[in-house]
Amino acid sequence: MSIKIVAIDGPAGSGKSSVSKESARQLGYGYLDTGAAYRALAWAVINLPGFELATLGDKDLEAEFAYDISTDPDNYWVRVGSTDVTDAIREAAVAESVSQVASVPAVRTFMKALTHRLVARSKRPGVVVEGRDITTVVAPDAENKILLTATEAVRLKRRSAELSKVSAESVKRQVSERDANDSKVVDFMTPAPGVQLVDSSDLNFAQTVQAVVALVEQMNSKESND
């Protein structure tokens, strides 16, 4: 069975995770948060011996980074080895370190391969895969490619709600730094060729999910009629 991929990209605070998860539920698809892998590796750098940032590029991550994640949108968990890090990877220290981890070229190469392995093991007809560079680098041949955007003000408000224990100043710094890093790689406010744009600045959560699901169903219907 060929597994359909719905690739959802977008800047920090655009709502990728929550929208992707609910869209997966409504479509009957699996859900894969690729950013969780970067966060889990950042957690390992902070908490585990042998995972120093300076040596990540020299490590055999496939053999040494015992990462696993659920692709069930109704039973989400993230583990490193036997440790459940689902909540720990959302802590401020991890959020502040993840950009450095993601900047290591060998890490990005490993993460791309990891994403494809995780999708391949899904038992569902499709997987909603969300994260940075998904539509352009990780899954450029995905059946559905969507860029989810919103204005900076809206994104800051949403990210502050997610990180309730982090100061507004810290949230703004994180989002601004992530925007600056992302802009070096991709124009994250303009869809690449073949990528459909969903601007959620003036949409509530349900409306944004409805827009994403409608695009996927439209593409599925088109493929069925071809």
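The values are calculated or read from the model by the stated rules, or taken from the named source; none is laboratory data. This structure is a prediction, so every number in the text was calculated from the model and none was measured. Neighbour counts run over all protein chains shown; Cβ positions are idealised from the backbone, glycine included.
What to note about this one:
- Filter result (crowded, with 20+ Cβ neighbours inside 10 Å and small (Gly, Ala, Ser)) within the stretch 98-107: ALA102
- Hits in the stretch 190-211 (condition: at pLDDT below 90 and more than 13 Å from ILE8 (Cα to Cα)): THR190, PRO193
- Search result, residues across the stretch 114-133 that are of a type in the set (A, V, I, L, M, F, W, C) and either closer than 23 Å to LEU147 by Cβ or part of a loop (DSSP other than H, G, I, E, B) (or both): LEU114, LEU118, VAL119, VAL127, VAL128, VAL129
Okay, residues lined up against (1) within 16 Å of the chain's Cα centre (by Cα); (2) part of a loop (DSSP other than H, G, I, E, B); (3) buried (at least 20 other Cβ atoms within 10 Å of the Cβ); (4) among the charged types (D, E, K, R):
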position: ALA37; (1), (2), (3), (4): yes, no, yes, no
position: ALA42; (1), (2), (3), (4): yes, no, yes, no
position: PHE51; (1), (2), (3), (4): no, yes, yes, no
position: ALA54; (1), (2), (3), (4): no, no, no, no
position: GLU62; (1), (2), (3), (4): no, no, no, yes
position: THR71; (1), (2), (3), (4): yes, yes, yes, no
position: ASN75; (1), (2), (3), (4): no, yes, no, no
position: ILE89; (1), (2), (3), (4): yes, no, yes, no
position: ALA95; (1), (2), (3), (4): yes, no, yes, no
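- Of all the residues in the stretch 59-79, those that are under 27 Å from SER23 (Cβ atoms) and touching a Leu at 6+ places or on another chain (Cβ under 8 Å) number 3.
- Screening the candidates GLN26, GLN100 for the property of being at pLDDT 95 or above, touching a helix residue (DSSP H, G or I) at 6+ places or on another chain (Cβ under 9 Å) and among the polar types (S, T, N, Q) yields one hit, GLN26.
- Qualifying residue in the stretch 23-32 (condition: within 14 Å of the chain's Cα centre (by Cα) and not small (Gly, Ala, Ser)): yes
- Residue pairs meeting the criteria (Cβ under 6 Å; at least 6 apart or on separate chains; first under 20 Å from ARG25 (Cα atoms), in the stretch 113-141; second part of a helix (DSSP H, G or I)): THR115/VAL138; VAL127/VAL119; VAL128/SER20; VAL128/SER23; VAL128/ALA24; GLU130/LYS16; GLU130/SER20; GLY131/GLY35
- Inter-residue pairs, beta-carbon under 6 Å, first charged (D, E, K, R) and in the stretch 214-226, second surrounded by 11 or more Cβ atoms within 10 Å (Cβ to Cβ), 6+ apart: none
- Residue list for the stretch 195-210, restricted to those being surrounded by fewer than 19 Cβ atoms within 10 Å (Cβ to Cβ) and part of a helix (DSSP H, G or I): PHE205, ALA206, GLN207, GLN210
- Top-ranked residue of the stretch 108-136 - restricted to ones that are aliphatic (A, V, I, L, M) and surrounded by 14 or more Cβ atoms within 10 Å (Cβ to Cβ), ranked as nearest to ALA12 (Cα to Cα): ILE134
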